[in-house]
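The values are calculated or read from the model by the stated rules, or taken from the named source; none is laboratory data. Model, not experiment: these values are computed from the prediction. Cβ placement follows ideal geometry from the backbone for every residue including glycine, while neighbour counts extend to all protein chains displayed. Side chains are part of the model used for accessible areas, which takes the heavy atoms of the whole protein and leaves out ligands, DNA and RNA. Shrake-Rupley method; radii C 1.70, N 1.55, O 1.52, S 1.80 Å.
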Amino acid sequence: MITREEISQLIAEYNLKRLAIGTIGSHSALNIFKGAKEEGFKTVCICRESDTIVYKKFPLADEIIIVSNFAELLDDKVQEKLRRFNTIIVPHGSFTAYLSTEELMNRFYVPMFGNRQLLRWEADREKQAEWLRRAGLRLPKTFKNPEEINCLVIAKLPGAKGGRGYFLANSTEAFQKKVGEMIRRGLLKKEDVAHIHLQEYVLGVNVYPHYFSSIIHDDVEFLGVDKRYESAVDAIGRVPAAEQLEIDVSPTYTIVGNIPLTLRESLLPELLRMGDNVQKTAKELAPPGIIGPFCLETVVTDNLEIYTFEISARIVAGTNVGIGTSPYAYLKYGEKMYTGRRIALEIKEALRKGRIRDVVA
Ligand code: AMP
């Protein structure tokens, strides 16, 4: 495991006057780059050739490092180049989608904005649940095996991209039937069946609050909220029930985009406390806790109970709805504040205070 001391040594060799902010070209890269530029940093994009069109049409990347696949981040040559550009990497969802937690923790010798030690807590569903429970959050029930199913459950595949292959079942029999169907449709591999995570399906609406844990200010900020636009689940309501039955549709949750949201103000006290408590617990698990952005994935029921089913201890793509500003960022900062920029601002303040080592790992 790469230690904070090793990262501190790498940073010690950096030219801090020419610091760059880098990330993989996808997910929330435009958000991160725009924010970096607005705070005066250079930007570095690790990009696949076929995606370069994005960074040509939106010219926010000062340096583009072309790779044929993102696993090349593990190559010495690529890491050497990133360090030569004095890059601090901002990890987003594509990092954990293309590299394993072990690879990121053990083989990526470039300073990252964030806490590498927390990756282990985030990557493992059981550990994640323990973290959230210790923080006092309300979680959906989980079922260790399909025989225990006694309510509507959502079946989640490990490492499923965009919720592809998720399905619902309200009994053991229905679960077995669906598993068979999903295998036939090529959405599920036989060997993955044992790793399916069964969670109580909470009937309510999705709410994804975006937080920012500032190490410099020792505070958790609330920067915005989104909900997701998911295919095919958000399309099912447009098909009448009779035809739904005919085509025997199973909802999938592939994320296509995000929709900005404001909440009834009476939900804010609990959501704000949840953010504070998640960071307080994270500090105990792996000091200094979460560095920078994080997001809770919640469902709010009709009696306004908030259930949290996941945490992302990094920037989420949902924060892209706030590029420019969001109502909540506006309330605190006025115009032009959003997660990508808030990250750059934290790095800038850390530099000014001689505390850059406190925000990288
Ligand atoms: P995830 O991959 O865990 O983010 O889940 C993908 C989608 O499935 C979410 O955006 C929700 O729409 C839905 N979902 C996940 N878990 C639950 C749950 N316990 N209850 C209700 N809906 C859920």
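Restricting region 121-145 to residues that are part of a helix (DSSP H, G or I), open to solvent by 40 Å² or more (accessible area, probe 1.4 Å) and out of contact with any helix residue (DSSP H, G or I) (no Cβ under 7 Å at 6 or more places or on another chain) leaves a set whose member that is farthest from the ligand (Cβ to nearest atom) is Glu130. Do we find a residue being open to solvent by 30 Å² or more (accessible area, probe 1.4 Å), outside any helix (DSSP H, G or I) and either touching a residue at least 40 places away in the same chain (Cβ under 8 Å) or farther than 30 Å from Gln9 by Cβ (or both) anywhere in region 112-120? Within region 112-120 (the criterion being open to solvent by 30 Å² or more (accessible area, probe 1.4 Å), outside any helix (DSSP H, G or I) and either touching a residue at least 40 places away in the same chain (Cβ under 8 Å) or farther than 30 Å from Gln9 by Cβ (or both)), the answer is no, since none of the residues qualifies.
Please go through region 172-225 and pick out each residue that is assigned to a strand (DSSP E or B), more than 15 Å from the ligand (Cβ to nearest atom) and surrounded by fewer than 16 Cβ atoms within 10 Å (Cβ to Cβ). Within region 172-225, just Asp219 meets the criteria. Go through region 111-159 and give me each residue that's within 21 Å of Leu296 (Cβ to Cβ) and β-branched (Val, Ile, Thr). Within region 111-159, Thr142, Val153, Ile154 meet the criteria. The lone criterion from (1) open to solvent by less than 10 Å² (accessible area, probe 1.4 Å); (2) outside any loop (DSSP other than H, G, I, E, B) left unmet by Ile290 is number (2). Need the failing condition index for Tyr211 against (1) closer than 16 Å to Val299 by Cβ; (2) assigned by TED's automatic domain parsing to the domain that holds Leu267, just the number. All conditions pass for Tyr211, except number (1). Candidates are the residues of region 40-69 that are touching a helix residue (DSSP H, G or I) at 6+ places or on another chain (Cβ under 7 Å) and aromatic (Phe, Trp, Tyr); the one that is least open to solvent (accessible area, probe 1.4 Å) is Phe41.
The residues of region 226-273 that are open to solvent by less than 40 Å² (accessible area, probe 1.4 Å) and away from the ligand (no atom under 16 Å from the Cβ), listed by number, are Leu263, Leu267, Leu268, Leu271.
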